[in-house]
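Colleague: Would you mind keeping the following structure in view while I ask a few things?
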Amino acid sequence: MEALLLGAGLLLGAYVLVYYNLVKAPPCGGIVSLRGRTAVVTGANSGIGKMTALELARRGARVVLACRSRERGEAAAFDLRQESGNNEVIFMALDLASLASVRAFATAFLRSEPRLDILIHNAGISSCGQTREPFNLLLRVNHIGPFLLTHLLLPRLKTCAPSRVVVVASAAHRRGRLDFTRLDRPVVGWQQELRAYADSKLANVLFARELATQLEGTGVTCYAAHPGPVNSDLFLRHVPGWLRPLLHPLAWLVLRTPGGGAQTPLYCALQEGIEPLSGRYFANCHVEEVPPAARDDRAAHRLWVASKKLAGLGLGEDAESDEDPHPEDSGTPSSLSSPHPEEPTVSEPYPSPQSPPDLSKVTHRIWVKAEPEPQAS
């Protein structure tokens with residue numbers, strides 16, 4: 001009996017050590033009041049996105065929940081208004097798998113919202129499910145859609161500078177290896193899905209890096225944020241039904257809550273003084289070094305060029321086109337544009353804008369790039 005008690009005590013002690021050192025997320029601090037500021041959070045109807053939006057709403061921001069499902073988005077907006085006491089939480093329709101929907105969302109947002117101070121790309125998928133598309137759905141939802149949305153909203157972000165873009169990435173980027181000859185090939189089978197997911201997360205990290213370079217001096221800064229291992233819908237969404245009862249207790253024990261997963265994205269969105277670290281990758285509310293493939297500036301720019309083509313961005317739509325000497329960047333609209341545009345809906349009109357205080361003073365940013373290293377094969 002004593003041996004059993006001793007073993008149970010050791011297991012409990014080991015779990016406490018693992019929980020507080022690896023599972024529990026450090027709390028986010030940063031700016032206390034966001035009154036007069038506007039934030040967009042994609043995929044904010046559940047999980048990390050919903051908890052992120054809740055904290056922004058609690059701090060007084062006007063929060064736009066950019067979600068695919070109107071029913072779930074409206075329900076989340078209602079929940080967040082009730083829980084935060086902030087009535088300026090609204091839903092707008094956005095389907096990142098449809099480039100037409102991304103464009104329609106941006107058009108509707110720019111017409112109705114005079115400010116954009118924080119853009120958080122939280123929405124993402126880990127599997128294609130039963131869907132079979134003629135393109136790489138994981139790359140489309142996790143990277144190309146956010147890439148296009150950022151470009152379309154950049155003028156408003158610049159007008160409201162200092163402002164921030166946060167891309168929710170993943171430690172899975174360390175397994176990513178971008179093959180530019182097959183970048184948009186359809187994904188079939190779970191092995192290809194695992195590879196495509198890691199590749200899309202590597203694309204997130206490289207996008208933040210190149211975006212920081214493109215926007216230097218504008219007052220718009222950007223960050224890639226790893227939420228950590230989180231017990232969210234993304235984790236169990238595509239697990240076979242018979243396996244879920246077995247994984248639920250394990251997930252509860254060793255994975256973070258969605259609120260814990262929201263802490264690093266919130267840190268990147270709110271923490272004062274991190275402007276010189278624009279373009280870097282954060283985990284556990286600290287900047288973290290990335291492998292050579294994720295700090296390859298040549299690959300980052302090559303991805304930027306390829307992403308513009310896949311997003312159907314013409315030269316006139318590129319906010320940084322005057323600085324880009326590559327003629328191939330002005331490619332014709334991509335065949336990936338969806339034939340099914342979706343008109344965004346807004347759950348309520350925008351009230352009279354307030355004159356906001358400064359988000360934070362932008363310090364002079366010293367951008368130090370790593371020595372060029374060959375991309376791992």
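Quick grid of which residues meet (1) open to solvent by 20 Å² or more (accessible area, probe 1.4 Å); (2) assigned to a loop (DSSP other than H, G, I, E, B); (3) farther than 21 Å from residue 266 by Cβ:
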site	(1), (2), (3)
73	no, no, no
78	yes, no, yes
81	yes, no, no
90	no, no, no
103	yes, no, yes
106	no, no, yes
110	yes, no, yes
114	yes, yes, yes
125	yes, yes, yes
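Colleague: Something else about it: Inspect the stretch 87-107 for any residue being touching a Leu at 6+ places or on another chain (Cβ under 6 Å), charged (D, E, K, R) and closer than 22 Å to residue 56 by Cα and give the result as yes or no.
Modeller: Scanning the stretch 87-107, I find no residue that is touching a Leu at 6+ places or on another chain (Cβ under 6 Å), charged (D, E, K, R) and closer than 22 Å to residue 56 by Cα, so the answer is no.
Colleague: Name the single residue that is least open to solvent (accessible area, probe 1.4 Å) among those in the stretch 146-174 being without any contact (Cβ under 8 Å) to a residue 60 or more places away in the chain and in a helix (DSSP H, G or I).
Modeller: Looking at residues that are without any contact (Cβ under 8 Å) to a residue 60 or more places away in the chain and in a helix (DSSP H, G or I), I get 172.
Colleague: In the stretch 129-145, how many are buried (at least 24 other Cβ atoms within 10 Å of the Cβ) and in a loop (DSSP other than H, G, I, E, B)?
Modeller: Final tally of qualifying residues: 1.
Condition check ((1) touching a helix residue (DSSP H, G or I) at 6+ places or on another chain (Cβ under 8 Å); (2) under 27 Å from residue 218 (Cα atoms); (3) at pLDDT below 95) across all residues:
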residue	(1), (2), (3)
65	yes, yes, no
72	no, no, no
76	yes, no, no
100	no, no, no
105	yes, yes, no
126	yes, no, yes
132	no, no, yes
142	yes, yes, no
145	yes, yes, no
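Colleague: Kindly list, by first and then second residue, each pair from a residue in the stretch 193-213 that is closer than 15 Å to residue 140 by Cα and outside any helix (DSSP H, G or I) to a residue that is open to solvent by 10 Å² or more (accessible area, probe 1.4 Å) and of a type in the set (Phe, Trp, Tyr), limited to pairs with Cβ atoms under 6 Å and residues at least 6 apart or on different chains.
Modeller: Short answer, once both residue conditions are applied: none.
The values are calculated or read from the model by the stated rules, or taken from the named source; none is laboratory data. All of these numbers come straight from a predicted model, not from anything done at the bench. With ideal geometry, Cβ positions are generated from the backbone for all residues, glycine too; neighbour counts draw on all protein chains shown. Heads up: the accessible areas ignore ligands, DNA and RNA and are worked out on the full protein's heavy atoms, side chains in. Shrake-Rupley method; radii C 1.70, N 1.55, O 1.52, S 1.80 Å.
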